[in-house]
Amino acid sequence: MKKVAIFGSGRGSNALSLLEYFDENPDVEVSLIVSNKKDTGILQHAYDYYIPSFVVDKYAMENEKRLSKVLQDEQIDYIVLAGFLWLIPENIVKKYEGKIINIHPSLLPDFGGHGMYGMNVHNAVFNSGNKISGISIHEVNQNYDDGAIIYQEECEISDCKSPQEVAAKILELEHKNYPLVVDNWIKSKMS
Ligand code: GAR
């Protein structure tokens, strides 16, 4: 059994799609939810699924010993970022090299990097006049949105009349793909 920690900062809809997908999965278990904010949807999902959660503040992130210990105590094998807005501490990136995955709501390298998250991305894509957007799922290194791409999928956004409509289309694509890509990625690491 491989153990996964999901890190997120907000609503947690991708975390929920992962929890639903891996519920009672014989090979992969979501064993921990980490959030950098207290009253978030993602922590409610952890509660609903009886999964331990850990809230990190900036200090705990910079002095990552406590977070490392929590990951170690829960015997976490893989870290899945689902809307987590902070950089992962260098020591944890090193320790989990090739074992951290992220989803980004654009076709990287376009509209990625520091400050590009959530609606910031969709506003920028919409204002660019691009007819196509999409999702990128990638391994995580020390820089924002920069690790090896594992999966990308495009979608038409020429019919979208606002950044919110782009966001809704992209979110649907994320929910459809992220659990499956995470599952296959973990399987590929095991074989
Ligand atoms: C998702 O769209 C995810 O791709 C994005 O945050 C949203 C989180 O929504 N992540 C980034 O922008 C990372 N750069 P959720 O909390 O409902 O899953």
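The values are calculated or read from the model by the stated rules, or taken from the named source; none is laboratory data. Because the structure is predicted, anything quoted here is derived from the model rather than measured. No Cβ is skipped: glycine too gets one built from the backbone with ideal geometry, and neighbour counts run over all protein chains shown.
Apart from one condition, I76 fits all of (1) farther than 24 Å from I135 by Cα; (2) modelled with pLDDT under 95; the exception is (2). Residues that are among the aromatic types (F, W, Y) and under 13 Å from the mean Cα position of the chain (by Cα) within segment 13-31 are absent altogether.
Taken over segment 139-157, the criterion of being more than 13 Å from the ligand (Cβ to nearest atom), under 18 Å from the mean Cα position of the chain (by Cα) and part of a loop (DSSP other than H, G, I, E, B) is satisfied by N141, Q142, A148. I'd like to know if segment 163-185 contains one or more residues that are outside any helix (DSSP H, G or I), buried (at least 16 other Cβ atoms within 10 Å of the Cβ) and over 13 Å from the mean Cα position of the chain (by Cα). Checking segment 163-185: not a single residue is outside any helix (DSSP H, G or I), buried (at least 16 other Cβ atoms within 10 Å of the Cβ) and over 13 Å from the mean Cα position of the chain (by Cα). Which residue is surrounded by the most Cβ atoms within 10 Å (Cβ to Cβ), if the candidates are limited to segment 1-28 and must be away from the ligand (no atom under 15 Å from the Cβ) and part of a loop (DSSP other than H, G, I, E, B)? Checking each candidate, the answer is N25. Note on segment 29-138: enclosed helices (runs of 4 or more DSSP H) holding 1 or more residues that are among the basic types (K, R) and surrounded by fewer than 17 Cβ atoms within 10 Å (Cβ to Cβ) are 58-62, 65-73, 90-95. Hey, can you tell me all the residues within segment 103-151 that are in contact (Cβ under 8 Å) with a residue 40 or more places away in the chain and among the acidic types (D, E)? Those that are in contact (Cβ under 8 Å) with a residue 40 or more places away in the chain and among the acidic types (D, E): E139, D145.
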